[in-house]
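Data block below; observations after.
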Amino acid sequence: MASVTFEQVTRSFAPGDRPAVDGLDLQVHDGEFLVVVGPSGCGKSTSLRMLAGLEPVTSGRVLIDGVDVTGRRARDRDVAMVFQSYALYPNMTAGENMAFALRNLGVPKDEIVTRVAEAARVLQLGDLLDRKPAKMSGGQRQRVAMGRAIVRDPKVFCMDEPLSNLDAKLRVSTRAEIAGLQERLGTTTVYVTHDQTEAMTMGDRVVVLRDGRLQQVGSPTELYERPVNTFVAAFIGSPSINLVDGVPVRDGRAVLTGSLQVPLPAAGAGHTQVTVGIRPEGVDVVGRSAADTAGRTDRLLVRVARVERLGSEVFAYVDPVGLVPDGAVRADHLVVRLDKRQDLQEGSELALCVHLDEVLAFDAEGLALLR
């Protein structure tokens, strides 16, 4: 096990172009499972490859256990990489694939056999060691790729979207296997994904990148409840948070409608307009008419535009009634998550109770007004 440190790490592919990774400062704790997430092109895979020694560093330093490895070859860093494409040798069996790197390192044969057998036991691959990749399922091949990394007993695991080639059901079961395996082994792991569900369910901490720059790092709960800006707020959570721009501030409250007024933290003082964020799950249905909002400041009357029924839950796409003139819903509609038993019809009205303590507010630059 080992700690990992990025010190002002930058990677530029061409002079004058925007850096793929721009001044990354990040500390990965010993034994931590850290997930790096962000949209395509945000620099997450490039950051991982610089740690593994597969990509040069333009400026800054990468340290493993306090030792500067920036100029070291990949083979000299004691880092094991698990790739998106599995990268198994098709002419070798599962056992031979797992043993290949150890043979190249000159590890004694008896020790190779022991390590491969132990990794196969942990990954439930004992019956597949004599099988070639073409005779395996995607999930089995991914476990062999994991086994190839495990047998090396490295200081750090680097995983680059290892589940993206699996179908949805297999992804769910395999991510649980990977998280459980890392917990048992205790090896420091940096895991890259574009899937925020993977990030939220697997990581001890989650790093959010955008355009090569670190936006926020924290526990999944911290990112969900206290995002530092609208980008993180919109990226974390499914369905995405509802953002309403141009909401006027009056007497310390963000006024969306006459019946929905959100108290702002002290940081909101002095702002004339804010962006308000309401999570789809942060509302309850309390009625079906304007009468159910009268005299309240936590109610929102909406008109149903579209309904999606997913069996266990219902998503309703709605338009607020009486939204202040300057207010603008960032998406086409607000989306709310409701109980599957709700009888909803397009064009009908709903009175929603909004949990004000869960509503987020952001300034004109999109930075959070934290409580």
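The values are calculated or read from the model by the stated rules, or taken from the named source; none is laboratory data. On a predicted model such as this, the values are computed, not experimentally measured, just so you know. Virtual Cβ from ideal backbone geometry, glycine too; neighbours counted across all protein chains shown.
Descriptive notes on the structure:
- Of all residues making up the range 152-170, the number that are within 13 Å of GLU198 (Cα to Cα) and either touching a strand residue (DSSP E or B) at 6+ places or on another chain (Cβ under 9 Å) or among the acidic types (Asp, Glu) (or both): 6
- The range 220-240, subset of a type in the set (A, V, I, L, M) and touching a Leu at 6+ places or on another chain (Cβ under 8 Å), residue surrounded by the fewest Cβ atoms within 10 Å (Cβ to Cβ): ALA234
Listed here are the residues, each with its yes/no results for (1) at pLDDT 95 or above; (2) over 25 Å from ALA176 (Cβ atoms); (3) in contact with an Asp or Glu (Cβ under 6 Å, 6 or more places away or on another chain).
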site	(1), (2), (3)
LEU26	yes, yes, no
ASP30	yes, no, no
SER40	no, yes, no
ARG49	yes, yes, yes
PRO56	yes, yes, no
ASP68	yes, yes, no
GLN84	no, no, yes
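- So ARG253, is it touching a strand residue (DSSP E or B) at 6+ places or on another chain (Cβ under 8 Å), of a type in the set (Lys, Arg) and in the same structural domain as VAL329 (by TED's automatic domain parsing): yes
- Against the test of being small (Gly, Ala, Ser), farther than 15 Å from GLU281 by Cα and either surrounded by 13 or more Cβ atoms within 10 Å (Cβ to Cβ) or in the same structural domain as PRO227 (by TED's automatic domain parsing) (or both), the options GLY347, GLY311, GLY327 yield a single qualifying residue, GLY327.
- Qualifying positions in the range 291-300 - assigned to a strand (DSSP E or B) and under 13 Å from PRO320 (Cβ atoms): ARG299, LEU300
- If the condition is being of a type outside the set (A, V, I, L, M) and part of a strand (DSSP E or B), then the range 324-362 contributes ARG337, ASP339, GLU349, CYS353, PHE362.
- Residue that is nearest to ALA74 (Cα to Cα), among those in the range 12-51 that are touching a residue at least 60 places away in the same chain (Cβ under 8 Å) and of a type in the set (D, E, K, R): ARG49
- Condition check for ARG303: in a strand (DSSP E or B), among the basic types (Lys, Arg), touching a residue at least 24 places away in the same chain (Cβ under 8 Å) and assigned by TED's automatic domain parsing to the domain that holds ASP343: yes
- Only a single item in (1) out of contact with any helix residue (DSSP H, G or I) (no Cβ under 7 Å at 6 or more places or on another chain); (2) surrounded by fewer than 18 Cβ atoms within 10 Å (Cβ to Cβ) is not met by THR201, and it is number (1).
- Condition met for ALA294 (surrounded by 20 or more Cβ atoms within 10 Å (Cβ to Cβ) and free of Cβ contacts under 8 Å to residues at least 40 places away in the same chain): no
- Being at pLDDT below 90 and assigned by TED's automatic domain parsing to the domain that holds ASP30 is a property that does not hold for ALA199.
- Matching entry among ALA120, ALA145 (being closer than 11 Å to PHE83 by Cα, at pLDDT 85 or above and in a helix (DSSP H, G or I)): ALA145
- Candidate set: the range 86-101, residues that are touching an Asp or Glu at 6+ places or on another chain (Cβ under 9 Å) and among the small types (Gly, Ala, Ser); chosen: the one surrounded by the fewest Cβ atoms within 10 Å (Cβ to Cβ): GLY95
- Residues in the range 175-198 that are acidic (Asp, Glu) and surrounded by 24 or more Cβ atoms within 10 Å (Cβ to Cβ): GLU198 alone.
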